Amino acid sequence: MRTIIRHISIIGIIILYFSNSGVSAQPADSIHWNLQDCIQYALKKNVTVRGSELTYQSNTVYADQARANQLPSLNASVNQHFSWSKSNGINDNYAGANSTDYGVNSSLTLFNGSKLTNAIKQADLNLQSSNYDIQTNKETVSLNILNAYLQVLYAQEAVTNAQNQIQSTQGQVELAKEKLSLRVISQSEYLQVKSELASEKLTLANAEKDLAIARLNLMQLMELPVTDNFHVVRPVLDSLVNQQRSPNPQDVYLKALGFKPEVKSVELNKQSAALDVNIAKAGYLPKLSLDAGVNTGYSSLLTGSGYSTQLSDKLTPSVGLSLSIPIFDNKQVKSNVELAQIGTQNAELQEIDVKNQLRKEIEQACTDVKSAQIQYEASVEKYDAANESYLVAEEKFRQGLINSVDFLVQKTNQITAQSNLLQSKYTLIFDYKILDFYSGIPLTL
């Protein structure tokens, strides 16, 4: 008894230690995942998202460098020289000499056609654009996870339906077996009911296979190593079904233009391309620079003065302006301007293409929602009718008023209607979520 109490105490201490240590389990260690868990984990692991974040970091460095280019440069130099010469004639020995030069020089660009200013603006635009690219990639990953997550839920429900059908049919097989023993039905009728059970077991096997594939697909999209301990939370979806929406594509599109990151990105890219033209045109203008420096030196050939004295005597400050005027550069500036103008036109086309693609996707999403609602309502009506007919046929079969063939026809119709209803249900939910996505509503279940 004491041993048991001691073991329980040790276990309690361990549990208390880890509960107070502040260490939380990672999502990968959890057994059940909800949609947000899956999305957040995928965003951390996705290579495309991580690559776009590195691009953002690079553009941050470029933006800092563009500002730093406005500062004056400062360089220090030290040159040491050694030389040998004959002082009188060819028969004299070589005499050595050495000299040392020191210098500190600085240069500041005063005017270059606003090239530096435009470069700073362009770097800032590229930085903002890369941030929107991160958001775009995250949205793409989130949509893919949502689709895969719903596929898992759909497959789970299909497995449950198949299991329920088998449970129901097993009772019917037992009933048919009793009728056969009483010679109420023939051997062929009994075998037909038994064959239906085998067919439904095959349906269950296929549904379980589809569930395994759906789970695998979701884990791979998340970049999560495949594990048997991975399960998803099954939320209550009743409130998400058949909301009787009537979306207006134009209204959704105008709203999406204000916040969709891919639209913001191409708009900034167009502005950046326009600055390329201004930067290229700066090549036509003169460049004015301010130069300043301090130089001194020492030479062993100078006699009568020491090292420090020479450095002091040779101290030479300087300051000056440098003006560079382009005259002929083999059409380099002209070519750069033309290429920049072409780049601007290309950026404008990309903006048009992205906005057109967004409009088409929203139009498709609105149409899909309307069609999915109609299909779901029809599927509900079809299933209700088929299920009612099946319940009547089941009662008649139990009482021996219809044969197994007629009963199995009604059962097949009910199974088909149930399958169609399940498919239309998840299609409608997914279409609703796509419409929410374009309307700026977070992806949740």
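Things worth noting here:
- Screening T316 with (1) among the polar types (S, T, N, Q); (2) within 23 Å of F82 (Cβ to Cβ); (3) open to solvent by less than 70 Å² (accessible area, probe 1.4 Å) gives one miss only, at (3).
- Test: residue in segment 98-112 that is touching a residue at least 12 places away in the same chain (Cβ under 8 Å), aromatic (F, W, Y), open to solvent by 60 Å² or more (accessible area, probe 1.4 Å) and farther than 30 Å from N217 by Cβ: yes
- Residue within segment 258-273 that is at pLDDT below 95, open to solvent by 40 Å² or more (accessible area, probe 1.4 Å) and basic (K, R) present: no
- Residue among S199, S142 that alone is outside any strand (DSSP E or B), farther than 30 Å from V61 by Cβ and hydroxyl-bearing (S, T, Y): S199
- Of all the listed residues (K138, K115, K121), the sole one being open to solvent by 40 Å² or more (accessible area, probe 1.4 Å), in contact with a Leu (Cβ under 9 Å, 6 or more places away or on another chain), in contact (Cβ under 8 Å) with a residue 60 or more places away in the chain and closer than 30 Å to L211 by Cβ is K138.
- Among the residues making up segment 256-283, those that are part of a helix (DSSP H, G or I), under 22 Å from the mean Cα position of the chain (by Cα) and over 14 Å from K121 (Cβ atoms) are A256, L257, P261, E262, V263, K264, S265, V266, E267.
- Verdict on Q345 being within 35 Å of the chain's Cα centre (by Cα) and open to solvent by 100 Å² or more (accessible area, probe 1.4 Å): yes
- When each of S130, S77 is tested for being among the polar types (S, T, N, Q) and assigned to a strand (DSSP E or B), the lone residue that passes is S77.
- Residue in segment 363-382 that is among the aromatic types (F, W, Y), in a helix (DSSP H, G or I), open to solvent by less than 90 Å² (accessible area, probe 1.4 Å) and over 27 Å from F259 (Cα atoms) present: yes
The values are calculated or read from the model by the stated rules, or taken from the named source; none is laboratory data. Bear in mind the structure is a predicted one, so any value in this text is a computation, not a measurement. Reconstructed Cβ throughout: ideal geometry from the backbone, glycine too, with neighbour counts over all protein chains shown. Ligands, DNA and RNA are stripped out before the accessible areas are found, and what is left, the full protein with its side chains, is counted by its heavy atoms. Shrake-Rupley method; radii C 1.70, N 1.55, O 1.52, S 1.80 Å.
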